[in-house]
Amino acid sequence: MNGAFLGIGAAALLALTLGFLARRGQQMGLGQWTVADRSFGAPLVFLLMAGEIYTTFTFLGGSGFAYGRGGPVYYILCYATLAYVISYFMLPPIWRYARDNALYSQADFFAAKYASRWLGALVSLVGIVALIPYLVLQFKGLGIIVEIAGYGAIGAKTAVWIGATVATTYVIMSGVRGSAWTAVAKDVMIVLVVVFLGIYFPLHYYGSLGAMFGAIEAAKPGFTVLPEHGESAWWFSSTVLLTTLGFYMWPHTFGSIYTARNARVIRQNAVVLPLYQLVLLFVFLVGFAAILQVPGLKGPDVDLALFRLSVKTFDPWIVGIIGAAGVLTALVPGSMILMTAATLLANNLYRNVDRSAADAHIVWVARSLVPVVALVAVYFTLAGGETIVALLLMGYSFVTQLFPALILSLTKTRWTTPVGAAAGIVAGVGTVAAVSLTHSTIATLFPALPPAIRELNVGLIALAVNVIALTIVTVGMKLTMPRSAVPDEADSTAQ
Amino acid sequence: MRMVRLLALLPFAAMLIGPFFLNRVEPMIFGMPFLLAWFVAWIGLTAAIMALIYRLDPTNRDDLS
């Protein structure tokens, strides 16, 4: 029993307590469980949105990326900032439509807008396939954090089981409210910890920020900017653009829009959230500080940079606080993913089979599925293996394929049909899978192209295939079908 | 208001086109490599631009919208 161990245990208990308290006085119907009956003001929506982006990936992966690859890590600063700018204009119409049509999930939105529950089912499948590896990533991160920060007192496997049980319990009890209230503790802790570490490490080891970057520049010239080849400015720009478009396409992020009390809450968040991105700057500084202090981490081990440096520098009780913050960054997004995946399964797949099911039955099915989803994720976490890594790399590109169909559904004119939208999504997702599984890049696919184009993010190809398929099918259908057979207005009765 | 909304394009230009011309370590600003400082500055400017757009957007005066 040591200080680190106590800190982590306290974090798990705190999450459980807040998750339970969040339920107070609320009847957990489908609307309350999934979207808190659209009652959240700006602070809770902020916490949900911030809760989703500050995951273990940011904590471990962000510092690890800065440590291992340097300058290209800045793309994380940029894409979310740009996504918030778009959100100001794009999200209010989505929120309004969701309120008017009583929608609970991202797939509901597509189903209603395109008047096709099959399109809704397809969208929910894409979402679930992308969400499970994301959940596995949180559990994996949790295992690593507890093992290192607890100095081996609890093994990674035990930690994963405990974490999964805690998240499952409060999600079943409190739904999205549980996630929002645990996010309060998580964001306060993570900001304090990350800002402290990001200032302390450079000052402690180098004397000043400038001295640290000077030392890195001397040891590895050009490491803190973009390389001339590979992850160049071309790679950077195309990657920022793609991830910006995909940002709100994650089902749990999309769903959190629905929790807002009014559209103004969403616009307020578009103003404030960019500033919260600055927390990432401190995450990067930790990674940069580690380069010359804990050298030699390779491959997946770069993600350990933050904790290796912390263990080297601090007393166990401080490591325990850092570990506690880390545990919460895994639990909060993990709980949102659990809730979202279970909702998609119940509301957009199960409901297609049992079409007369009442909302009360659907929410019962969704809550019963939470432990099932958690078990699947725990299985993949403990089994490890190549498949899940491959899926993880594809997840972001998968959800990005929903973007064209979404944007086209927001305009007054009906540009495309449900079949056209589905064709685009299937073609895009298929291309992502093919490209990822064969480890293709634009350079390997088209070696004759000039270097600038070869360095573009390969995800652009999938998006292009998506738009082409969508266009061909839409135009083909409009030409071959009598005008009346193509519905020209979205109909909100489809569910 | 329409014209003010165009300001929202500036962060895109700064972050998507900027790196082609500003990919350099020197001069360091507040101890940060120039490219990093550029992005950090633009995060602040983005929030300022969005605050301005929010302030001037007539829809935000109506509580229900």
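Points worth noting:
- Among the residues of the stretch A:251-293, the ones that are of a type in the set (Val, Ile, Thr) and within 12 Å of chain B (Cβ to nearest Cβ) come to 5 in all.
- Residue check for residue A:68: part of a helix (DSSP H, G or I), at negative phi and crowded, with 22+ Cβ neighbours inside 10 Å: no
- The residue list A:198, A:299, A:214 contains one member that is surrounded by fewer than 17 Cβ atoms within 10 Å (Cβ to Cβ), within 13 Å of chain B (Cβ to nearest Cβ) and closer than 30 Å to residue A:318 by Cβ, which is A:214.
- Residue satisfying condition, being on the phi > 0 side of the Ramachandran plot, surrounded by fewer than 24 Cβ atoms within 10 Å (Cβ to Cβ) and in contact with a helix residue (DSSP H, G or I) (Cβ under 8 Å, 6 or more places away or on another chain), within set A:99, A:117, A:38: A:38
- Scanning the stretch B:42-58 for residues being free of Cβ contacts under 8 Å to residues at least 12 places away in the same chain and more than 8 Å from chain A (Cβ to nearest Cβ) gives a total of 2.
- The number of residues in the stretch B:10-37 that are at the interface with chain A (Cβ under 9 Å from one of its Cβ atoms), out of contact with any Phe, Trp or Tyr (no Cβ under 9 Å at 6 or more places or on another chain) and not in a loop (DSSP other than H, G, I, E, B) comes to 4.
- Answer residue from the stretch A:217-237, given it is more than 9 Å from every other protein chain (Cβ to nearest Cβ) and among the small types (Gly, Ala, Ser) and is nearest to residue A:109 (Cα to Cα) among those: A:230
- Number of residues in the stretch A:72-110 that are touching a residue at least 12 places away in the same chain (Cβ under 8 Å) and either assigned to a loop (DSSP other than H, G, I, E, B) or hydrophobic (A, V, I, L, M, F, W, C) (or both): the value is 22.
- Every residue from the stretch A:320-368 that is of a type in the set (Val, Ile, Thr) and at pLDDT 90 or above: A:337, A:340, A:343
- Residue satisfying condition, being part of a helix (DSSP H, G or I) and farther than 30 Å from residue A:27 by Cα, within set A:123, A:136: A:136
- Residues that are within 14 Å of chain B (Cβ to nearest Cβ) and out of contact with any helix residue (DSSP H, G or I) (no Cβ under 6 Å at 6 or more places or on another chain) are absent from the stretch A:168-191 altogether.
- Close contacts from the stretch A:372-401, counting a first residue that is crowded, with 21+ Cβ neighbours inside 10 Å and a second that is charged (D, E, K, R) and at pLDDT 85 or above, with Cβ to Cβ under 7 Å and a gap of 6+ residues or different chains, come to A:381/A:140.
- When A:166, A:160, A:136, A:129 are checked against the criterion of being touching a Gly at 6+ places or on another chain (Cβ under 6 Å) and farther than 26 Å from residue A:266 by Cβ, A:160 stands alone in meeting it.
- Under the condition of being out of contact with any helix residue (DSSP H, G or I) (no Cβ under 7 Å at 6 or more places or on another chain) and surrounded by 14 or more Cβ atoms within 10 Å (Cβ to Cβ), the residues counted in the stretch B:6-43 number 2.
The values are calculated or read from the model by the stated rules, or taken from the named source; none is laboratory data. For clarity, every value in this text was computed on a predicted model and none was experimentally measured. Ideal geometry is used to build each Cβ from the backbone, glycine not excepted, and the neighbour counts take in all protein chains shown.
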